[in-house]
Amino acid sequence: MTTRYLEVLKFAQPKEIFHVEGLGNREHWERLFNWHAFLKPEPPPHLKEVSRKMIAACQGLPLSLEVMGAHLYGHNYKSYWDESLRSLQQDGKGIFSVLSLSLMGLESKQREAFLDICCFLIGEKEEIACRVLEACYGYGRTYLDVLKSRCLITIDVDCGRRENRMIMYMKGEEEWDMELYDHLLRDVGKRMMGEEEVSVIGMHDHLRDMGRDIVRRTERNRVWDKESLEDILKDEKALSRLRGISIRSDFPFSKEAGKCRSLPALKILKVKQRLSPPRANWKNIFKNNFLENVQCNELRWLDWKKARFRCLPDGLCSKNLRVLDLSQSHNQEPPYQTCESWTFVGAVA
C-alpha cells in the first residue's frame, strides 16, 4: 500500500512503514531527467547549466523529473528553457508547479482530454478511453500517445485486479441478493481462470489531483463526486456547461434539479449502480425525474453497468452517442437508433 496520508495506514495496521524519499543521488536525478529531456545521458553543451538548475528545481522527485524532462523534450532553444525555469521558480508550489507547467505545452483539446482522464477514465480499458476521446475530440489514439509521451498518463497491463473482488450485497438485513451475487461470482471465476490481459489507463495521484483541482477551481464543468455535483446543481450556468458526470445511482437529486430539462454540453455520463437494495436505487436515480426527462443531445459515452431499467430513457438516446456500456443491465434492447461507429461494451441483457 502506498499513500500520502499516514492516517490511512492506521486502518491497514501494517507491520512496517517505509517513508519514500526522492532520489538521493544527484547522478540518478540527472540520468532520469536527461533521458526524458534528451534521450541520452548528457545534455548538449548550451543547455548544460540550465538543465542542472532545472534538475535542482525538481528536488529529486522522480515524477517531477520525468514530467519536466518530457515537457522540455524537443525544445533546443535556451530561451525556452530559461522561461520554463523562471516560471517554475516564481510559482513556488513545488511539484504542482512542475506538473502545471507541463500542461502549458498541450493544445486546447489535448488539455481537455487530459482533464477528462483525470475525472473519468483512470482505470478504464485503453480501447474504451481511445473511443471516448475520439468521440469527444476527433482524436483518440493520437491524444493518448501525446499524453503518454509527456508522462502525464501510463498504460498498464491489468490481469483483472479491478474486477477480482468478491462482495456480497444484501436486501435489507437478512436476505441475500443472489442474482447479483451470482453475477459477481461468475466475474471472479473468469478472472481467476487465466483471463486475457488488458491495457488500462493509469495516472499518478499527483497528476490526478492537479487535474481535478483545475476543474474544481476554474473549469467547473465536470463532476466526479457528491460534493462537486451538489455544488454544480446550484448553478444554472454551470449546468449548461457541464461536460461530464460520474455519480452513484443513489444520489438524492433535489426538486430544483428535477426542473432541469437539458444538459446541452454533456458528453460523458457514468452511473455507478448501487446493487443493494435495487428497488430503492431505482427510485433514487429517477427521483424528481432528473435523468428520466433531461435531454443530453451531445452525449458521447454512456456507462451504466447493471442498470435496473428495461428501456433506456429517450433523453439519453443521443444521436451522437458512440460508446455504450449497459453490461449486466436489465435493458431489453439497444436505443431506438444505432450507428455503424457505435461501440457496444459488454452484453445488453
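The values are calculated or read from the model by the stated rules, or taken from the named source; none is laboratory data. No experiment lies behind these values; they were computed from the predicted model shown. Every residue, glycine among them, receives a Cβ derived from its backbone with ideal geometry; neighbour counts consider all protein chains shown. Just the protein is used for accessible areas: all its heavy atoms, side chains included, with ligands, DNA and RNA removed. Shrake-Rupley method; radii C 1.70, N 1.55, O 1.52, S 1.80 Å.
With a 10 Å radius around each residue's Cβ, average the other Cβ atoms per peptide and rank 112-120, 301-309, highest first.
Highest-to-lowest ranking by the protection proxy: 112-120, 301-309.
Taking all protein chains in place and a 1.4 Å probe, what share, in percent, of the accessible surface of the stretch 34-122 do carbon and sulfur account for?
It is 53 percent, rounded to a whole number.
Which value, in Å² rounded to 10, gives the accessible area of ILE128 with a 1.4 Å probe and all protein chains present?
About 20 Å², ignoring ligands and nucleic acids.
Using 0.36 nm per residue of separation minus the Cα-Cα distance, give me the extension gain between GLU42 and VAL157 in nm, one decimal.
My answer for the length gained is 38.2 nm.
Using 1/(1 + (r/R0)^6) with R0 = 41 angstrom and r between the beta carbons of THR142 and LYS272, what's the FRET efficiency to the nearest 0.05?
Result of the calculation: an efficiency of 0.90.
Starting from 0.36 nm per residue, how many nanometres of slack lie between LYS125 and ARG217 once their C-alpha separation is accounted for?
Gain on stretching LYS125 to ARG217: 30.3 nm.
For the stretch 193-248, what % of the accessible area comes from carbon and sulfur atoms, probe 1.4 Å?
Carbon and sulfur together cover 43 percent of it.
Using the structure shown, select from LYS125/LYS226; LYS234/LYS319; LYS234/LYS270; LYS259/LYS305; LYS226/LYS306; LYS125/LYS319 the pairs with a Cα to Cα distance greater than 22 angstrom.
Those over the limit are LYS125/LYS226; LYS234/LYS319; LYS259/LYS305; LYS125/LYS319.
Please work out how much accessible surface MET104 shows to a 1.4 Å probe, ignoring ligands, DNA and RNA, in Å² rounded to 10.
Solvent-accessible area, nearest 10 Å²: 140 Å².
Given a 1.4 angstrom probe, what's the average accessible area per residue across the stretch 59-163, in square angstrom?
Value returned for the stretch 59-163: 46 Å² of accessible area per residue.
Kindly state, to the nearest 0.05, the FRET efficiency for ALA265 paired with LYS53, given R0 = 51 Å and r defined as their beta-carbon distance.
Efficiency computed from Cβ-Cβ geometry: 0.75.
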